[in-house]
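The next block holds one structure in the form of structure tokens; read it before the comments.
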Amino acid sequence: MSSQSHVSRRSFFQNFARGSAAACTLLEVKTAFAQSVQKLAGDGARAGLETDGGYWEKVRKQFMLEEGFAYLNTGTLGPTPTVVVKALDDYWRLMAVNPNENSQIFQDRQEQIRIKAAAFVGATPDEIALTRNTTEGTTVLTYGMDLQPGDEVLITQYEHNSLKETRARHAKRFGYVLKQVQFPMPCTNEQMIKAFDAAITPKTRIIHFANPLGGYGCFTPVKQLAALAHSKNILCFVDGAHCPGMVQFSLSDWGVDAFACNSHKWLCGAAGAGLLYVRKEIQDRVHPVISIAHEDPRGARKYDQLSRRPWPVVAAFEDILDFHLAIGRSRLEQRTRSLGSYLRRQAAEIPKVKVYTPNDPAMCCGSTTVGIEGVSGGRLREYLRQKYDAYTPSGGNSVRISTHFFNTFEQVDRVLKALKELSTGVA
């Protein structure tokens with residue numbers, strides 16, 4: 001290669017780097033991100049919870065959602081804030097410019113992310129594994145346990161397939177019994193506790209359930225269920241896919257033995273990141289399912305030894321946690337509760353409309369499932385999408401409406417109009 005062509009190529013890449021985020025370091029990207037999100041913290045103290053303007057309009061503008069579009073499906077996949085999308089793009093550019101060395105820089109930040117994630121969920125860093133989603137965590141808790149033929153595991157009738165089908169395959173393979181605990185919806189805490197208590201036998205080894213139950217937005221009496229399980233020498237595992245980002249909580253306060261979640265639902269982070277909590281006292285009973293380590297590292301780290309992984313997505317997991325912390329987790333939960341409470345209260349007054357989500361504040365927040373007598377869920381979903389530019393998922397005779405902090409009361413009013421029109425035959 002001639003010296004002229006070498007200089008030309010070097011100049012090209014230098015010019016490219018000067019005009020792109022690739023010239024940045026990871027620290028510079030993180031610093032710019034922190035400066036952006038801190039701008040959201042200042043005005044939040046005066047934010048009214050039941051107004052769409054002012055501060056909450058400012059927060060909504062942090063997202064890339066189309067103007068006028070009511071996105072009401074955070075329970076499946078949350079929209080990611082623009083500032084996190086920008087940081088994620090910068091991280092991928094860093095990987096493209098210098099894959100090996102920058103990959104190592106990302107990996108070196110893993111412990112800092114673990115510490116922050118642990119504090120976010122009320123655990124210690126040694127109890128946290130950085131995973132790719134809730135299903136991965138559930139798989140570790142299922143296939144990492146030694147169960148014998150005749151043992152029993154309890155789940156509820158309302159579990160997502162990532163728990164239900166994973167457990168069903170494992171039970172079939174190893175010969176233990178998988179039982180579904182039955183209770184109505186809506187229900188009370190007392191009904192749920194009694195149903196679990198009645199289903200437990202001397203052969204029960206684990207109770208494994210979602211909190212909240214994603215299809216209905218129903219929060220379980222998790223502390224009482226954990227205490228019930230432990231009183232009978234049973235482990236208590238929780239699928240927390242819908243919990244982080246919707247409500248504040250502490251795993252140490254709940255007293256559960258294990259918990260798995262993701263970043264792509266109510267946290268509104270990038271898909272491909274999550275965490276698994278395994279209480280330190282039971283880690284010797286839960287074995288790694290995938291690992292490249294010859295000897296297990298300390299604590300729950302043994303569950304996240306996955307070799308090559310998309311480190312920019314892990315870095316963005318830290319960013320979405322910082323986004324929530326900057327606005328204030330309590331403020332976000334209160335806003336989300338206000339929207340959900342307004343929807344449930346108004347919908348319950350419409351003839352022929354059934355609200356399946358309990359109205360007890362301890363059992364509900366931002367996810368609400370509703371249906372109309374004689375109207376399929378699919379019909380209601382399409383009516384909302386076509387007439388009111390609002391998107392919700394449907395199933396059977398109902399739709400699930402996710403009202404998160406970036407949503408508005410005006411959007412909830414659109415849903416209520418559609419319910420009234422379809423229930424009275426005006427549509």
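Normalised by the number of residues in the chain, the average gap of Cα pairs under 8 Å and 6 or more apart makes the relative contact order 20 percent.
Peptides 328-336, 394-402 ranked from most to least packed by the mean count of surrounding Cβ atoms within 10 Å: 394-402, 328-336.
Taken about its Cα centre, the chain carries a charge dipole of roughly 500 debye when the Cβ of each Lys and Arg holds +1 and the Cβ of each Asp and Glu holds -1. DSSP beta bridges confined to the stretch 222-358 are antiparallel in about 55 percent of cases. Would you please classify the overall shape of the stretch 37-187 from the alpha carbon gyration tensor, given that a ≥ b ≥ c denote the square roots of the eigenvalues, rounded means a/c under 1.5, and beyond that prolate means a/b larger than b/c while oblate covers the rest? Verdict is oblate for the stretch 37-187. Beta bridges per DSSP, both residues in the chain: antiparallel share near 50 percent.
Rolling a 1.4 angstrom probe over the protein heavy atoms with all chains in place gives the chain an accessible area of 43 Å² per residue. Within the accessible surface of the chain, defined with a 1.4 Å probe on protein heavy atoms only, the carbon and sulfur portion equals 51 percent.
Shape class of the stretch 176-308 from the Cα gyration tensor (axes a ≥ b ≥ c, square roots of the eigenvalues): oblate, since a/c reaches 1.5 or more and a/b does not exceed b/c.
What net charge do the residues around Val238 carry, taking every other residue with its C-beta under 14 Å from that of Val238, with Lys and Arg at +1 and Asp and Glu at -1?
For residues surrounding Val238, the net value is -2.
So for the stretch 144-198, Kirkwood radius off the Cα pairs, Stokes-Einstein at 25 °C and 0.890 mPa s: how many µm² s⁻¹? Answer, rounded: 201 µm²/s.
Specify whether the C-alpha gyration tensor of the chain places it in the rounded, prolate or oblate class, a ≥ b ≥ c being the square roots of the eigenvalues: rounded for a/c under 1.5, otherwise prolate if a/b is larger than b/c and oblate if not.
In terms of gyration-tensor shape, oblate.
For Gly122, the residues whose modelled amide H falls within less than 5 Å of its own, excluding neighbours fewer than 5 places apart on the same chain, are Leu251. Rounded to whole numbers, the Karplus 3J(HN,Hα) couplings from phi for the stretch 89-105 are 4, 5, 5, 5, 5, 4, 5, 6, 6, 8, x, 6, 5, 6, 4, 5, 4 Hz, using 6.51 cos²θ - 1.76 cosθ + 1.60 with θ = phi - 60°, and x at Gly and Pro.
Among 49-55, 108-114, the peptide with the highest mean count of other Cβ atoms within 10 Å heads the list, and the full ranking is 108-114, 49-55. Checking every one of the trypsin sites (Lys or Arg not before Pro) in the stretch 198-234 against DSSP loop status and a limit of 15 other Cβ atoms within 10 Å picks out Lys203, Lys232.
The values are calculated or read from the model by the stated rules, or taken from the named source; none is laboratory data. Worth saying up front: this structure is predicted, and the values here are computed from it rather than measured. Quick reminder, even Gly has a Cβ in these numbers, built from the backbone with ideal geometry, and neighbours come from all protein chains shown. Side chains included, ligands, DNA and RNA excluded: accessible areas come from the protein's heavy atoms. Shrake-Rupley method; radii C 1.70, N 1.55, O 1.52, S 1.80 Å.
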